[in-house]
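For reference, the structure discussed in these notes is given below.
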Amino acid sequence: MARGSPLAGDSRCTPIYAASQHTGRQSGCKSCQGRTDFGMPTQDPTDPPFPAVTPMAFVQAIVRAYARYGVDPAAALKQARITPAQLRKPGARITAAQMELISGVAMQQLDDEALGSFSRKLPWGSYGMLSRASLTAPTLGIALKRWCRHHRLLTDDIALSLSVSGAVASITLAERRPLVAMREFCVVTTLRNLHGYACWTIDSRIPLLRADFPYPAPPHREAYPLMFHGPLRFDADHAGFSFDAQYLALPLRRDEAALQTMLKRALPLIVLQYRRDRLLVQQVRALLRDRRVDAANAQTLARALNVSVRSLHRHLREEGASLQALKDAMRREQALEQLGRGTRPIKQIARAVGFASEKSFARAFRHWTGESPSAFRQRVRRD
């Protein structure tokens with residue numbers, strides 16, 4: 001898979017290392033239409049709906065790759081509509097479409113999907129091989145282990161590894177050789193590529209608990225939250241990111257046909273952010289279990305999950321659930337547990353599970369079980 005390969009799904013469209021605020025869905029997104037066979041946009045990449053938020057520092061890294069291989073980047077820059085003056089301008093920004101275009105052209109012209117990041121080239125198709133080798137894994141955890149192990153066959157300049165500590169899974173990028181001027185570009189593209197591929201394989205957003213970078217915050221640090229959603233730490237001991245280890249147990253949802261489709265549209269990747277989160281229902285249930293159900297409104301839950309209220313409702317709807325249904329189910333579970341195990345007055349149980357009165361609780365309980373709270377308690381005690 002090329003570094004800008006597409007991870008299809010209900011997602012935003014952007015190259016993996018491009019910072020983007022574009023929110024169009026892939027199926028109807030203008031940045032996914034009007035392409036040549038190589039996935040290059042045929043419309044003006046500087047036109048809306050592409051906001052210019054991708055740091056020019058990433059283009060400068062690509063230009064360094066051209067210099068390393070003794071190739072003139074002028075044609076690629078012209079095709080992406082990046083002028084020499086813009087290239088030299090501190091703090092300049094380009095659109096995600098421009099970044100997609102110049103990176104795609106450069107990968108093919110230089111025959112290096114790493115774009116000069118490593119001591120040897122990664123020929124066109126290297127990441128396609130890596131993707132295919134991981135795709136037959138039964139779970140995401142095994143797929144990521146394969147990706148990390150097989151990546152060492154492509155280069156030994158860096159080593160990727162997956163580790164789990166309690167409820168947290170971590171991807172670590174260890175530098176085996178100095179990456180010098182390509183360090184930031186290599187770290188960002190490698191981590192984004194792996195995170196994007198992981199999201200694509202399970203067809204789910206994987207929220208990051210943290211992303212670490214072993215260098216000082218760059219002048220364009222404001223672009224990082226657009227690429228890595230979650231807490232960021234610069235000047236870290238090593239590069240990597242962490243996420244909820246429960247995602248590792250999810251089965252892969254892609255097959256060879258899906259991979260072929262993805263690789264045919266090799267450059268317009270990803271998912272910033274991948275919209276669907278297949279663990280969200282489980283996470284909401286856990287939060288409701290840990291706090292008073294009546295006090296857990298959409299605002300508090302969304303804040304705890306680091307999503308907007310609108311996104312929370314949308315994610316639940318995509319998984320066939322709703323917040324009200326989950327709260328009702330949790331109230332039912334807690335009511336059954338408290339009625340069955342103790343002698344606490346029914347009025348107190350009603351308040352504990354979020355009902356204003358014993359009458360409203362009894363009405364809801366009869367709807368859930370077909371009997372009154374007192375009849376349920378008596379039957380459980382007899383049994």
- Item | Tally of residues being buried (at least 16 other Cβ atoms within 10 Å of the Cβ) and small (Gly, Ala, Ser) across segment 62-91 | 3
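Listed here are the residues, each with its yes/no results for (1) of a type in the set (Asp, Glu); (2) free of Cβ contacts under 8 Å to residues at least 12 places away in the same chain; (3) under 19 Å from Arg379 (Cα atoms).
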| site | (1), (2), (3) |
| --- | --- |
| Arg314 | no, no, no |
| Leu323 | no, no, no |
| Leu326 | no, no, no |
| Glu337 | yes, yes, yes |
| Ile349 | no, no, yes |
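Give Leu339, Leu326 a once-over and let me know the one that is under 17 Å from Leu288 (Cβ atoms) and in a helix (DSSP H, G or I).
Values: Leu339 fails: under 17 Å from Leu288 (Cβ atoms).
Just one listed residue meets the conditions, Leu326.
Each row is one residue, and each column tells you yes or no for (1) part of a loop (DSSP other than H, G, I, E, B); (2) within 22 Å of the chain's Cα centre (by Cα); (3) assigned by TED's automatic domain parsing to the domain that holds Arg253; (4) of a type in the set (S, T, N, Q).
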{"site": "Tyr66", "(1), (2), (3), (4)": "no, no, yes, no"}
{"site": "Glu100", "(1), (2), (3), (4)": "no, yes, yes, no"}
{"site": "Asp112", "(1), (2), (3), (4)": "yes, no, yes, no"}
{"site": "Trp124", "(1), (2), (3), (4)": "yes, no, yes, no"}
{"site": "Tyr127", "(1), (2), (3), (4)": "no, yes, yes, no"}
{"site": "Leu144", "(1), (2), (3), (4)": "no, yes, yes, no"}
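Look at Ser170 and say whether it is small (Gly, Ala, Ser), at pLDDT below 95 and touching a Phe, Trp or Tyr at 6+ places or on another chain (Cβ under 9 Å).
It is false that Ser170 is small (Gly, Ala, Ser), at pLDDT below 95 and touching a Phe, Trp or Tyr at 6+ places or on another chain (Cβ under 9 Å).
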- Item | Failed item in (1) farther than 24 Å from Thr172 by Cα; (2) in contact (Cβ under 8 Å) with a residue 40 or more places away in the chain, with Thr83 passing the rest | (2)
- Note on the structure: Note on segment 297-312: residues polar (S, T, N, Q) and touching a residue at least 60 places away in the same chain (Cβ under 8 Å) are Asn306
- Task: Kindly indicate whether His229 is within 27 Å of Gly128 (Cα to Cα) and either buried (at least 20 other Cβ atoms within 10 Å of the Cβ) or modelled with pLDDT under 95 (or both).
- Result: yes
- Query: In segment 237-269, which residues are at pLDDT below 80 and either under 18 Å from Ala167 (Cα atoms) or not charged (D, E, K, R) (or both)?
  - Reply: Thr261, Met262, Leu263, Ala266, Leu267, Pro268, Leu269
- Residue that is touching a helix residue (DSSP H, G or I) at 6+ places or on another chain (Cβ under 9 Å), more than 25 Å from Arg253 (Cβ to Cβ) and among the polar types (S, T, N, Q), where the choices are Ser126, Ser119, Ser103: Ser103
- Among the residues of segment 322-364, write down those that are modelled with pLDDT under 85 and hydroxyl-bearing (Ser, Thr, Tyr). Thr343
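Can you tell me which residue within segment 270-305, out of those that are part of a loop (DSSP other than H, G, I, E, B) and either modelled with pLDDT of 80 or more or out of contact with any strand residue (DSSP E or B) (no Cβ under 9 Å at 6 or more places or on another chain) (or both), is nearest to Ala106 (Cα to Cα)? Lay out the reasoning, then the answer.
First, pick out the residues of segment 270-305 that are part of a loop (DSSP other than H, G, I, E, B): 270-273, 275-279, 291-292, 296-297.
Keeping just the survivors that are either modelled with pLDDT of 80 or more or out of contact with any strand residue (DSSP E or B) (no Cβ under 9 Å at 6 or more places or on another chain) (or both) gives 277-278, 291-292, 296-297.
Numbers: Asp277: 33, Arg278: 36, Arg291: 52, Arg292: 55, Ala296: 50, Asn297: 49 Å.
Going through the qualifying residues, I end up with Asp277.
Being out of contact with any strand residue (DSSP E or B) (no Cβ under 7 Å at 6 or more places or on another chain) and not basic (Lys, Arg) is the filter here; which residues of segment 205-224 pass it? Write out each step before concluding.
Residues of segment 205-224 out of contact with any strand residue (DSSP E or B) (no Cβ under 7 Å at 6 or more places or on another chain): 215-219, 221-222.
Those that are out of contact with any strand residue (DSSP E or B) (no Cβ under 7 Å at 6 or more places or on another chain) and not basic (Lys, Arg): Tyr215, Pro216, Ala217, Pro218, Pro219, Glu222.
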- Test: Cys199 is in the same structural domain as Arg254 (by TED's automatic domain parsing) and at pLDDT 95 or above: no
- Spot the failing condition for Gly196; the list is (1) crowded, with 19+ Cβ neighbours inside 10 Å; (2) within 14 Å of the chain's Cα centre (by Cα); (3) not in a helix (DSSP H, G or I), and only one is missed. (3)
- When both residues are 6+ apart or on different chains and their Cβ atoms are under 8 Å apart, which pairs have a first residue that lies in segment 213-224 and is farther than 17 Å from Gly240 by Cα, and a second that is in a loop (DSSP other than H, G, I, E, B) and of a type in the set (Lys, Arg)? none
- Message: So if I check each of Ala167, Ala133, Ala137, Ala159, which one is without any contact (Cβ under 8 Å) to a residue 40 or more places away in the chain, surrounded by fewer than 22 Cβ atoms within 10 Å (Cβ to Cβ) and farther than 17 Å from His238 by Cα?
- Response: Ala133
- Task: Filter segment 199-236 for residues that are more than 22 Å from Met99 (Cα to Cα), assigned to a loop (DSSP other than H, G, I, E, B) and more than 11 Å from the chain's Cα centre (by Cα) and give the result.
- Result: Pro214, Tyr215, Pro216, Pro231, Phe234, Asp235, Ala236
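The values are calculated or read from the model by the stated rules, or taken from the named source; none is laboratory data. On a predicted model such as this, the values are computed, not experimentally measured, just so you know. All Cβ positions, even for glycine, are placed from backbone atoms using ideal geometry, and neighbour counts span all protein chains on display.
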